[in-house]
Amino acid sequence: MRAYRAVPGAPLASWANRVTISLVMGYRGVLVLALAASACGNWTSDSAGHLRDPGVAGGGRAAGDAGARETEAGKGGGPSAAGGTGGASGSPAAGAPAADKPPCAPNTLANYTLLDRQSAVELLRNVTAIDNDLTITGDVTDLSPLACLSKVRDLYIENTTQLKSLAGLERLTSVRRISINADCTDEGQNTCTVNQQLSNVSFEALSEVELIHVFKNPALTTLSFARLTRLPEISMVRNPALVRISIPALTQAGTVDIFDCPIENLTFFSALTEIGSLGVERTKIRDLRGLEGLTGIKSLALRNNIALASLAGADSLEQAGAIYLQENPALVSLRGLGALRSLEFLRILRNAALPTCEAHWLRDLIGAQSITSGVDISDNGSGACP
């Protein structure tokens with residue numbers, strides 16, 4: 001795109017025109033911020049060459065105060081609401097089911113897009129796709145202007161100070177990677193800037209995604225993916241308030257890690273029939289209810305789960321590559337694995353309440369010689385077995 005400098009006082013676009021504004025910024029080494037806007041009324045420039053919106057009192061925030069300005073013709077879409085605030089003309093309120101929303105005309109951005117303030121979000125009304133990364137950060141409070149957005153390459157939500165939910169992304173169906181994370185400056189991940197108020201992460205229409213990473217969100221209580229049926233990889237780590245997870249349509253999963261989240265069960269996996277590996281550490285699960293549909297797994301790792309008492313729920317599991325049961329202080333029974341017939345590696349360590357004879361029962365159920373990659377059983381309890 002060619003550089004553009006506004007002529008003081010001259011109108012830049014009528015309400016019928018689409019405008020793409022690119023701001024040169026520094027953010028993790030990425031220098032270009034692309035924002036698409038539907039201008040309502042005439043955007044003009046002030047004496048310094050900053051873009052001003054006449055619909056905002058006092059001329060509004062200068063659109064170019066972060067760097068150089070460039071413009072190009074946008075694609076499709078209709079006019080936004082006056083002044084660029086409030087709901088888009090003809091658009092339903094955020095949170096309404098995607099099926100009830102009117103269609104949006106195709107309108108695609110190609111550039112990396114950074115939204116670090118609410119005024120930047122307003123400029124993306126009627127954008128339907130971003131063929132690059134989208135980062136939401138800073139003082140953004142409301143994503144309802146993104147109600148037309150259905151596709152993004154990678155979505156990053158990090159370091160937000162006021163954002164409480166993702167209401168407004170109900171149309172989003174396809175993303176390669178979703179990262180809802182703290183930004184940590186030390187290797188121990190102890191000095192982090194977090195999403196301070198984000199409590200509800202719900203994707204109503206999302207059906208295609210390769211990786212989801214949800215890390216260290218102190219206020220997050222609810223995580224929901226209503227339509228996902230396949231999920232190659234997801235990690236939910238160090239979310240101290242996360243108690244509700246919903247993935248009701250999920251039947252196939254690759255790698256799933258749940259660490260340091262106070263969930264009490266795995267029933268959100270009730271539709272799951274196929275999985276690669278499952279790691280559950282430092283949670284409050286009591287058993288494995290929710291895994292009844294699984295007959296095979298490559299790796300099952302259960303470590304430091306303070307309330308885990310039994311493996312009930314894994315009753316259909318017949319084949320496993322590796323099973324790790326370590327430091328689960330309340331674990332007393334392994335009989336939930338009674339259907340297991342094939343296993344390559346078994347490690348049962350430091351489960352204080354688990355009778356050692358229970359560990360030996362599981363080993364002998366398979367046959368020590370049949371566990372080809374080895375058996376490691378030590379430092380468990382000394383109680384009696386059934």
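Of the residues making up the range 304-323, those that are more than 21 Å from Ala249 (Cβ to Cβ) and either touching a helix residue (DSSP H, G or I) at 6+ places or on another chain (Cβ under 7 Å) or surrounded by 19 or more Cβ atoms within 10 Å (Cβ to Cβ) (or both) are Asn305, Leu308, Ser310, Leu311, Ala312, Ala314, Asp315, Leu317, Ala320, Ile323.
A single member of Ala129, Ala98 is under 24 Å from Glu210 (Cβ atoms) and at pLDDT below 95, and it is Ala98.
You will find that of Leu288, Leu250, Leu278, the residue that is buried (at least 22 other Cβ atoms within 10 Å of the Cβ), farther than 22 Å from Ala339 by Cα and not polar (S, T, N, Q) is Leu250 and no other.
Residue by residue, here is whether (1) of a type outside the set (Lys, Arg); (2) part of a strand (DSSP E or B); (3) under 13 Å from the mean Cα position of the chain (by Cα) holds:
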site: Asn195; (1), (2), (3): yes, no, yes
site: Ser202; (1), (2), (3): yes, yes, yes
site: His213; (1), (2), (3): yes, yes, yes
site: Ile234; (1), (2), (3): yes, yes, yes
site: Ala241; (1), (2), (3): yes, no, no
site: Ile245; (1), (2), (3): yes, yes, yes
site: Ala253; (1), (2), (3): yes, yes, no
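Quick check on the range 362-386: of everything there that is hydroxyl-bearing (Ser, Thr, Tyr) and not in a loop (DSSP other than H, G, I, E, B), which residue is nearest to the chain's Cα centre (by Cα)? Across the range 362-386, the extreme among qualifying residues is Ser378.
Select from the range 356-386 the residues that are within 12 Å of Leu340 (Cβ to Cβ) and touching a strand residue (DSSP E or B) at 6+ places or on another chain (Cβ under 8 Å) and list them in ascending order. If the condition is that a residue be within 12 Å of Leu340 (Cβ to Cβ) and touching a strand residue (DSSP E or B) at 6+ places or on another chain (Cβ under 8 Å), then Leu362, Arg363, Ile366, Ser370, Ile371 are the ones that fit. Only a single item in (1) closer than 20 Å to Val152 by Cα; (2) surrounded by 20 or more Cβ atoms within 10 Å (Cβ to Cβ) is not met by Leu198, and it is number (1).
Of all residues in the range 233-245, those being exposed (fewer than 15 other Cβ atoms within 10 Å of the Cβ) and out of contact with any Pro (no Cβ under 9 Å at 6 or more places or on another chain) number 1. In this structure, does Arg171 turn out to be more than 14 Å from the chain's Cα centre (by Cα), closer than 27 Å to Gly254 by Cα, of a type outside the set (Phe, Trp, Tyr) and part of a loop (DSSP other than H, G, I, E, B)? Answer is yes for this residue. The requirement of being in contact (Cβ under 8 Å) with a residue 12 or more places away in the chain, in a loop (DSSP other than H, G, I, E, B) and within 14 Å of Leu109 (Cβ to Cβ) is not satisfied by Leu163. Residue check: Cys148 meets all listed conditions (1) part of a loop (DSSP other than H, G, I, E, B); (2) modelled with pLDDT under 95 but one, namely (2). Restricting the first member to the range 373-386 and to residues that are in contact (Cβ under 8 Å) with a residue 24 or more places away in the chain, and the second to residues that are charged (D, E, K, R) and surrounded by 10 or more Cβ atoms within 10 Å (Cβ to Cβ), the beta-carbon pairs closer than 6 Å and six or more apart or on different chains are Ser373/Glu344; Val375/Arg363; Asp376/Arg347; Asp379/Arg350; Cys385/Glu358. Among the strands (runs of 3 or more DSSP E) confined to the range 275-361, the ones with at least 2 residues that are under 25 Å from Leu242 (Cα atoms), in contact (Cβ under 8 Å) with a residue 24 or more places away in the chain and within 31 Å of the chain's Cα centre (by Cα) are located at 296-303, 319-326.
Residues being among the aromatic types (Phe, Trp, Tyr) and either farther than 23 Å from Asp376 by Cβ or in contact with a His (Cβ under 7 Å, 6 or more places away or on another chain) (or both) are represented in the range 260-277 by at least one member. Screening the range 257-271 for residues that are crowded, with 22+ Cβ neighbours inside 10 Å and not in a helix (DSSP H, G or I) and picking the one that is nearest to the chain's Cα centre (by Cα) gives Ile258.
For the range 371-380, which positions are within 14 Å of Gly321 (Cα to Cα), modelled with pLDDT of 95 or more and loosely packed, with under 12 Cβ neighbours inside 10 Å? Step through it out loud before you land on a result.
As a first pass, look at the range 371-380 and keep what is within 14 Å of Gly321 (Cα to Cα): 371-375.
Then keep just the ones that are modelled with pLDDT of 95 or more; that gives 371, 373-375.
Listed by number, the residues that qualify are Ser373, Gly374.
The values are calculated or read from the model by the stated rules, or taken from the named source; none is laboratory data. Everything numeric in this text was worked out from a predicted model, so none of it was measured. No Cβ is skipped: glycine too gets one built from the backbone with ideal geometry, and neighbour counts run over all protein chains shown.
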